Amino acid sequence: MQWHTITQDEFTLLKQYRQLSHTEKIIVKRFLSGLLFNAQKEKIAQRARLSDNGNH
């Protein structure tokens, strides 16, 4: 896993996140995992397109 220095913006977001209620945190986590899931699906779709192009 790669680490990077936390920017001021990220630090502010983390502080705000800690102040959220439990329910709000769940919503944020679901939203973020949804974004990751979509990014993963897009990667798979790109690979599929690349392999299709290679066959012709």
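Using a 1.4 Å probe on the protein heavy atoms, what percent of the accessible area of the chain belongs to carbon and sulfur?
Accessible surface attributable to carbon and sulfur in the chain totals 60 percent.
What is the count of Lys pairs in the chain whose alpha carbons sit under 22 Å apart, if the two are 8 or more places apart or on different chains? Kindly include the intermediate steps, with their values, before the conclusion.
Working: LYS15/LYS25; LYS15/LYS29; LYS29/LYS41; LYS29/LYS43.
So the count of such lysine pairs works out to 4.
Which of the following values of Cα extents along the principal axes in Å was calculated from the structure shown: (i) 43, 17, 14; (ii) 54, 28, 17; (iii) 63, 15, 14?
Only one option fits the structure, namely (ii).
Mind checking the angle between helix 22-55 and the chain's longest principal axis? C-alpha axes, 0 to 90 degrees, to the nearest 10.
Once rounded, the angle reads 20 degrees.
Report, in deg cm²/dmol and to the nearest 500, the calculated mean residue ellipticity at 222 nm for the chain, where each DSSP H run with n ≥ 4 adds -39500 (n - 2.57) and the sum is divided by the residue count.
Working: 2 runs with 45 residues, N = 56.
My calculation for the chain gives -28000 deg cm²/dmol from helical runs alone.
In degrees between 0 and 90, to the nearest 10, how far off the longest principal axis of the chain does helix 8-18 point, with axes built from Cα atoms?
That helix lies at roughly 70 degrees to the long axis.
Send over a whole-number figure in Å² for the accessible area per residue of the chain, probe 1.4 Å. Provide the component values of the computation, followed by the final result.
Numbers: 5740 Å² over 56 residues.
For the chain, the solvent-accessible area averages 102 Å² per residue.
The values are calculated or read from the model by the stated rules, or taken from the named source; none is laboratory data. What you see is a predicted model; the values in this text were computed from it and never measured. These accessible areas exclude ligands, DNA and RNA; they are computed on the full protein's heavy atoms, side chains included. Shrake-Rupley method; radii C 1.70, N 1.55, O 1.52, S 1.80 Å.
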